[in-house]
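Everything below concerns the one structure shown next.
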Ligand code: R5P
């Protein structure tokens, strides 16, 4: 690969500094923290290095996405204005992927429009376990851009095989099958999935699979925990049915509001996540995955 296509600098914001430092060190490029000033009316002013060149990577995980989307929309052209020839986005968590169809007439399909916006802003994008449910690949969301979708499921599987004795991996809904199967694969772990019906933002109904959870070390695996109600519903049922323990492993630890304490209150033992979203439960690093993908992009 020509040297100019390999990343030559990493841009990041101070709230993601630990992940940014690891990624910059793995890529062997300088890290530049973007200065951010908030005006009294809420507008943002960003300051990048005075000069950039070649391929520049912006690291921005898009949890709490609305303001971060503005940051990335300002940073990409700003980086080009000071010399960057290619700007790649490393967004370990890619927001707005769940609204992938209009469930009711008139609903805006956020996935398609945010995908198109990012595709027109960046030369390439790398993300981890985006919530692709009714579509097969990220290319359908970002047809005009080189978009790479990585999965942390196998890394979570390695972690679980090393930390839980003969775990039973359980997806809390049918959509989780893709992650549960990947996590189970390398170590031949037992696995199954529940069926979920969502009744509201914080209301779900979970139907357990036929698999026997009695005396088993159950690990609930999902791409993300937001309000935690999906995991809480599944954890309660596993414990009521006699599971020996219930642990949780997710790629994206959004855990909004009371999600984490409410989940722990059900009797869940360990909560583990990747470092895609900075959180106290982070246990598994996606930096090697991201770095490899960015070097190939
Ligand atoms: C969607 O189905 C996802 O895979 C998660 O299960 C969901 O987003 C979790 O949301 P919450 O934590 O709010 O139940």
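Just so it is clear, none of the values below were taken in a lab; they were calculated from the coordinates. Everything numeric in this text was worked out from a predicted model, so none of it was measured. In this analysis, Cβ positions are derived from the backbone assuming ideal geometry, glycine residues included, and neighbour counts consider all displayed protein chains.
In whole Å, how far is the Cα centre of the range 137-188 from that of the range 33-80?
30 Å
Quickly rank 116-129, 185-198 as a protection proxy: mean count of other C-beta atoms within 10 Å, highest first.
116-129, 185-198
Looking at the chain, send over the antiparallel percent of its DSSP beta bridges, to the nearest 5.
20 percent
Which whole-number percent is the relative contact order of the range 110-154 (Cα, under 8 Å, 6+ apart)?
Relative contact order of the range 110-154: 46 percent.
Would you mind classifying the chain by shape? Square roots of the alpha carbon gyration tensor eigenvalues, ordered a ≥ b ≥ c; an a/c under 1.5 is rounded, otherwise it is prolate if a/b is larger than b/c and oblate if not.
It comes out prolate by the Cα gyration axes.
By the gyration tensor of its Cα atoms, with a ≥ b ≥ c the square roots of the eigenvalues, what is the shape of the range 63-180: rounded for a/c under 1.5, prolate for a/b over b/c, or oblate?
oblate
Expressed as a rounded percentage, what relative contact order does the range 153-275 have, with Cα pairs under 8 Å and six or more residues apart?
23 percent
Tell me the mean residue ellipticity at 222 nm calculated for the chain from its helices only (DSSP H runs of n ≥ 4, each -39500 (n - 2.57), averaged over every residue, nearest 500).
That comes out to -9500 deg cm²/dmol.
From the Cα gyration tensor of the range 108-241, with a ≥ b ≥ c the square roots of its eigenvalues, which class applies: rounded if a/c is under 1.5, or else prolate if a/b is larger than b/c, or else oblate?
It is oblate, given that a/c is not under 1.5 and a/b is not larger than b/c.
Report the paramagnetic label zone for residue 265: residues of the range 222-237 whose backbone N is under 20 Å from a point 7 Å from Cα along the Cα-to-Cβ axis.
Answer for this model: 225-237.
Using alpha-carbon pairs under 8 Å, 6+ residues apart, how would you state the relative contact order of the range 1-112 in percent?
24 percent
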